[in-house]
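Okay, structure first, notes after.
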Amino acid sequence: MNNSNAGDKLDMLHHSHDRRTGMGVDSPAVSDISLRSRLFGRADVFVILFALISYVIASRIFNLSYPIKSAVKFLGFMILPLFCGKFIVRDMSWLKFKVESRAARRLFGQLLIPTFSILILVGILAAPLATAFNVEGIISEIRSRTNANAYQLIVVALYIPIVNAVIEEIFFRGFILRRLKNRLSYNNASLISAVIFSLYHLVFFRNWFHPLLLALALCGLFCVGLVLNWITERCDSLLPAWTIHGLMNLSTFIVAMPFYLSGL
């Protein structure tokens, strides 16, 4: 761990505390222990590991139904980090959705243009993409494993871009990235967050793709994680990354839509 970097973060917390309370760092009301507790530490590591391991167990070991897995993710990826931030480390600065600066709002608007362009391109190339990634086989495998009908699959496909995206953004871009920045540099925090983000998706499609396609998918997800991290850092808000993440998830629904509807 870089002690000088952690010391710099601690100094920043000192100054931030001074501005809010009007007290100097030598005041007995301000302790190094209370300030250090706001840095990324054991409580954060526990929350991250517990959330990820719980979801892997629910998804892969017990193969629970999608509603139960979603509840496990909701508790581990959102409720537990919120509880930790509010009552244990007492730092909620990582949870921010408001886009405040004019430059950030401008960047957000500019990013929506290529995002919607990608959606249109995916719509045009939906058929060859579905063939390349064996979407029909994936949907059939999900149906046979879960006994889900077409209506249930459509509900899931609509849930993922909206609710699932915000849960993942709170966890990966909010709690992991922004909390890690209290201890590490942004670059290191971003790399760690992106690696965890990409590997986490193995839970979903580990058995779906040829190893080469799987490796390409993981590399792509790692790059997506880096981009979403950069957007969150530049905009100082989770809202832009949530919006873009949701739209990207929507693109998968566009490709799979004919197979979702085939059972109606």
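Miscellaneous remarks
- Per the listing 73, 98, the residue uniquely part of a helix (DSSP H, G or I) and among the charged types (D, E, K, R) is 73.
- For residue 176, the criteria (1) modelled with pLDDT of 95 or more; (2) farther than 18 Å from residue 56 by Cβ; (3) out of contact with any Cys (no Cβ under 9 Å at 6 or more places or on another chain) hold in every case but one, which is (2).
- Verdict on residue 129 being in the same structural domain as residue 235 (by TED's automatic domain parsing), over 30 Å from residue 45 (Cβ atoms) and modelled with pLDDT under 90: yes
- The set of residues in segment 226-246 that are surrounded by fewer than 22 Cβ atoms within 10 Å (Cβ to Cβ) and among the aliphatic types (A, V, I, L, M) comprises 226, 227, 239.
- Within segment 152-200, the set of residues being of a type outside the set (D, E, K, R), surrounded by 17 or more Cβ atoms within 10 Å (Cβ to Cβ) and not in a helix (DSSP H, G or I) comprises 182, 184.
- Selection status of residue 194, in the same structural domain as residue 153 (by TED's automatic domain parsing), over 17 Å from the mean Cα position of the chain (by Cα) and on the phi < 0 side of the Ramachandran plot: no
- Qualifying positions in segment 201-225 - surrounded by fewer than 17 Cβ atoms within 10 Å (Cβ to Cβ), aliphatic (A, V, I, L, M) and under 24 Å from residue 115 (Cα atoms): 213, 214, 215, 216
- Taking first residues from segment 247-258 that are surrounded by 18 or more Cβ atoms within 10 Å (Cβ to Cβ) and partners that are outside any helix (DSSP H, G or I), the Cβ contacts under 9 Å between residues at least 6 apart in sequence or on separate chains come to 255/125; 255/133.
The values are calculated or read from the model by the stated rules, or taken from the named source; none is laboratory data. Source: prediction; values computed, not measured. Heads up, the Cβs are rebuilt from the backbone with ideal geometry, glycines too, and the neighbour counts pull from every protein chain shown.
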